[in-house]
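A short write-up of the structure that comes next.
The values are calculated or read from the model by the stated rules, or taken from the named source; none is laboratory data. Just so we're clear, the structure is a prediction, and the values are computed from it rather than from any experiment. Cβ placement follows ideal geometry from the backbone for every residue including glycine, while neighbour counts extend to all protein chains displayed. Areas reflect the complete protein model, heavy atoms only, side chains present, ligands, DNA and RNA absent. Shrake-Rupley method; radii C 1.70, N 1.55, O 1.52, S 1.80 Å.
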Amino acid sequence: MAMDRDQVLRDAAALLSRKSTATMDEVARAAGIGRATLHRHFAGRDALVRALEDLGIRLFEVAFDHARLDEGTAVEALRRLVAEVEPNAQLLAFLVTENQLFEGDEVNEGWARLDARVSALFRRGQAQGDIRIDLSPAWLTEALYGLVGTCAWAVMDGRVAAKDFQYMITELLLGGARRSVE
């Protein structure tokens, strides 16, 4: 029987998002495969995490496309983006806290593409007068990732209802990022 690589990665992401220190043995069990099979496809934890990063970037690029970031106001687009990212928020929560992905000079160029798209959305919101101009688009991008990851953990822990995921993120981010007109 052939191993479904993407399914193994999704199973690994589900486990690692709950237990970031899980061993390769635990990942293999969670994926329903043997340790040797897992090691044939991913030589070690580093290779597994890099494969998860590639999967995450692919999934988030699709989510960004589906969110139609260039349509409507930046605030509307941001709400669509959070909705599209939600199904994979646990993976993002794991990836943005996995230090090995951001050490050294070899950061995956996919992150740069994603960051550029989100930053452009915030710049557009600033130009439209909906987003504060005293907060840089790069900072707002990082804040968005942080809120998505944190809310994903809160949902997993039962501290936030899953139905409130989108509301919690957009209201906190926009409540702090919106330009107040006085």
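Past the 20 angstrom mark, what percentage of all C-alpha to C-alpha distances in the chain do you count? All intermediate terms of the calculation are to be shown ahead of the outcome.
Working: 9176 of 16471 pairs.
The answer is 56 percent, as a whole percent.
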* Asked: Mean projection of the alpha-carbon convex hull of region 21-122 over all orientations, in nm²?
  -> 7.2
* Asked: Over the C-alpha atoms of region 23-80, what are the Rg and the largest Cα-to-Cα span, Dmax, in Å?
  -> 17.2, 50
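Could you state the accessible area per residue of region 2-91 in Å², with a 1.4 Å probe and every protein chain left in place? Let's see the in-between values first.
Numbers: 4330 Å² over 90 residues.
Result: 48 Å² per residue.
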* At a probe size of 1.4 Å, how large is the accessible area of V8, to the nearest 10 Å²? -> 10
* Structure fact -> Counting only DSSP loop positions in region 79-175, the GluC sites (Glu not before Pro) whose Cβ has at most 10 other Cβ atoms within 10 Å are E103, E106
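Heavy atoms only, probe 1.4 Å: what % of the accessible area of the chain goes to carbon and sulfur, would you let me know?
Details: 4960 of 9660 Å².
Solvent-exposed carbon and sulfur of the chain make up 51 percent of the total.
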